[in-house]
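Here is the structure we will look at, set down as structure tokens.
The values are calculated or read from the model by the stated rules, or taken from the named source; none is laboratory data. Worth saying up front: this structure is predicted, and the values here are computed from it rather than measured. Virtual Cβ from ideal backbone geometry, glycine too; neighbours counted across all protein chains shown.
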Amino acid sequence: MTKFSELNLDPNVLKAVAEAGYEAPTPIQEGAIPPALEGKDVLGIAQTGTGKTASFTLPMLTRLATGRARARMPRSLVLAPTRELAAQVAENFDLYAKHTKLTKALLIGGVSFGEQDKLIDRGVDVLIATPGRLLDHFERGKLLLTGVQIMVVDEADRMLDMGFIPDIERIFQLTPFTRQTLFFSATMAPEIERITNTFLHAPVRVEVARQATTSETITQKLVEIVPPRKDQTAKAKRELLRALIEAEGEACTNAIIFCNRKSDVDIVAKSLKSHGFDAAPIHGDLEQSVRMRTLDAFRDGKLQLLVASDVAARGLDIPAVSHVFNYDLPSHAEDYVHRIGRTGRAGRLGTAYSIATPSDEKYLGAIEHLVKITIPRAEAPEGFTLSDAAHREPKVYEEKDGRSSSRGGSRSRTRSRSRDRDRDEARPAPAAEPVVEAVVEAPVAEAPKREERRDERREERRDDRRERDRSRPRDRDTGPVVVGMGDHVPDFLLRPFRPSKPATVTEEVEETSEG
């Protein structure tokens, strides 16, 4: 078995690796580090949780061991799709570079530009950034990318999903042509393939597992549920989720629960907390400080359940996650691989539960087609039954304007129920019809409503303004009225194009003035 000491890494880097407790590299590290040390471009493809971050961090630190950074001109650049992943790369840098004198700067949103500008001005060896914040600094004239020797793109397929590909292409064009590029991704979409063909020069392709495969250390289970009412699907799924967590008992030391929508993240987290679970949400709409505190609490074991959107599905290294729950099946099949990859990392065992309803059939088929397996079906926990509330119609709440709405339902259902009541009231014998006509005619005899009175007042004010405009003297103290350009008309403009009869210039000017 190959050891890190055999990979020609810098002694100071090897010392930090040994202190971190690592002896042997993972397959992706063993395949990517040697060509990266030689200065070659590397295209690394491996499933999540295989140690891709160290695959570029260790050779980058070794190659930067000699040399010195200049102000506003970083020597290397690492691009990450999310703030959390960028912060994680920065933590890895601190871990492996603690015995070197190399410096770093982290450019992410949620942090003031002033503090980041100070770091860049002093000069940094490693610049770790999200694409948007990097371009913000560049456009403000605070950053030059002409000194970049090594450029790393991490989680490239996530960049594609988040719409960063145009930014990535622009950043590539701002860096020197002679740079070394390390490109890492878990999957290779056609758009990613196009970028690698354009910007990488004869890359060494390191693929340690078939694309979009799931780790063998993860036990996958799919629990299917048929809600008794379509408008109570969310409630039924929340009840099943709580039952699954309780059924796992002490085996579920901590877990990440994935939802497709940010609003559902908040709802599920609130529901879990109200039922006595230790849960907190994390998604892109939360402030960066809140997101980092939540992640730190989850890493430190102070938080058991992390309810997340896909912002936490890629690249985050939280080694000891025992369970992953897909409250929603992802709409993109690749996201399934990344989500369940948060558990079963570094050789540990993990469990991934997914909840599916009949409407998820299309998503389920795409996932199983991608991973080339049929996800094992599992029964709901023994004794689980949906509550009576999941069988009833959602409650209707009256709003201030008189309209009604329902939790978990839409106003269209309320309107349809109103129409049903109207039809029921209209069914009695014809003797009741005059009453209906009276009700219809009543609004006609009513006084103008508040909206109508407001429109009338607005119209009156508009008429007053028009009247004032008419009575206002227009040419007061402006001297004689000037027609056209006055006496300063160039001669060539007064020359007729097709004269029908001889005429002097003076006559033509008079005719123009009279017209």
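Sort out which residues of region 218-277 are surrounded by 15 or more Cβ atoms within 10 Å (Cβ to Cβ) and among the β-branched types (Val, Ile, Thr), and write them in order of number.
Within region 218-277, ILE218, THR219, VAL223, ILE225, THR233, ILE245, ILE256, ILE257, VAL265, ILE267, VAL268 qualify.
Based on this model, can you work out whether ILE318 counts as closer than 28 Å to VAL153 by Cα and surrounded by 23 or more Cβ atoms within 10 Å (Cβ to Cβ)? It would help to see each step written out before you state the result.
Values: closer than 28 Å to VAL153 by Cα: yes; surrounded by 23 or more Cβ atoms within 10 Å (Cβ to Cβ): no.
No; evaluated as a whole, the condition is false for this residue.
Do we have GLU207 as without any contact (Cβ under 8 Å) to a residue 12 or more places away in the chain and more than 26 Å from the chain's Cα centre (by Cα) here? So that I can check it myself, show each step before the final result.
Details: without any contact (Cβ under 8 Å) to a residue 12 or more places away in the chain: no; more than 26 Å from the chain's Cα centre (by Cα): yes.
No.
Given the residues ILE245, ILE256, ILE267, ILE218, which is the only one that is without any contact (Cβ under 8 Å) to a residue 40 or more places away in the chain and closer than 25 Å to ILE282 by Cβ?
Details: ILE245 fails: without any contact (Cβ under 8 Å) to a residue 40 or more places away in the chain; ILE256 fails: without any contact (Cβ under 8 Å) to a residue 40 or more places away in the chain; ILE218 fails: without any contact (Cβ under 8 Å) to a residue 40 or more places away in the chain.
Going through ILE245, ILE256, ILE267, ILE218 in turn, the sole match is ILE267.
Consider ALA236 carefully, then state whether it is of a type in the set (A, V, I, L, M) and at positive phi.
Values: of a type in the set (A, V, I, L, M): yes; at positive phi: no.
No; evaluated as a whole, the condition is false for this residue.
Of the residues ILE257, ILE218, ILE267, only one is in contact with a helix residue (DSSP H, G or I) (Cβ under 6 Å, 6 or more places away or on another chain) and not basic (Lys, Arg); which?
On the way: ILE257 fails: in contact with a helix residue (DSSP H, G or I) (Cβ under 6 Å, 6 or more places away or on another chain); ILE267 fails: in contact with a helix residue (DSSP H, G or I) (Cβ under 6 Å, 6 or more places away or on another chain).
ILE218 is the lone residue from the list that is in contact with a helix residue (DSSP H, G or I) (Cβ under 6 Å, 6 or more places away or on another chain) and not basic (Lys, Arg).
Taking SER215 and the conditions (1) within 19 Å of ARG339 (Cα to Cα); (2) assigned to a strand (DSSP E or B), which numbered condition does it fall short on, given that it satisfies the others?
SER215 satisfies every listed condition except (2).
Under 24 Å from PHE184 (Cβ atoms), β-branched (Val, Ile, Thr), buried (at least 21 other Cβ atoms within 10 Å of the Cβ) and more than 22 Å from the chain's Cα centre (by Cα), is that true of VAL371? Let's see the steps before the verdict.
On the way: under 24 Å from PHE184 (Cβ atoms): yes; β-branched (Val, Ile, Thr): yes; buried (at least 21 other Cβ atoms within 10 Å of the Cβ): no; more than 22 Å from the chain's Cα centre (by Cα): yes.
It is false that VAL371 is under 24 Å from PHE184 (Cβ atoms), β-branched (Val, Ile, Thr), buried (at least 21 other Cβ atoms within 10 Å of the Cβ) and more than 22 Å from the chain's Cα centre (by Cα).
Consider SER274 against the criteria (1) hydroxyl-bearing (Ser, Thr, Tyr); (2) modelled with pLDDT of 95 or more; (3) under 26 Å from GLU155 (Cα atoms): it satisfies all of them except one. Which criterion is unmet?
Result: SER274 fails condition (3) only.
Output yes when any residue across region 86-104 is at positive phi and not assigned by TED's automatic domain parsing to the domain that holds GLU287, and no when none is.
Taking every residue of region 86-104 in turn, none turns out to be at positive phi and not assigned by TED's automatic domain parsing to the domain that holds GLU287.
Among the residues of region 142-161, count how many are of a type in the set (A, V, I, L, M), part of a loop (DSSP other than H, G, I, E, B) and in contact with a Ser or Thr (Cβ under 8 Å, 6 or more places away or on another chain). Explain how you work it out, then say what you get.
In the first step, residues of region 142-161 are kept if they are of a type in the set (A, V, I, L, M); the result is 143-145, 148, 150-153, 156, 159-160.
Restricting the remaining residues to those that are part of a loop (DSSP other than H, G, I, E, B) gives 143-145, 148.
Cutting the leftovers down to in contact with a Ser or Thr (Cβ under 8 Å, 6 or more places away or on another chain) gives us 145, 148.
Of the residues in that region, 2 qualify.
Test of understanding: among THR50, THR57, which residue is touching a helix residue (DSSP H, G or I) at 6+ places or on another chain (Cβ under 6 Å), among the hydroxyl-bearing types (Ser, Thr, Tyr) and farther than 27 Å from LEU119 by Cα?
Values: THR57 fails: farther than 27 Å from LEU119 by Cα.
Of the residues listed, the single one that is touching a helix residue (DSSP H, G or I) at 6+ places or on another chain (Cβ under 6 Å), among the hydroxyl-bearing types (Ser, Thr, Tyr) and farther than 27 Å from LEU119 by Cα is THR50.
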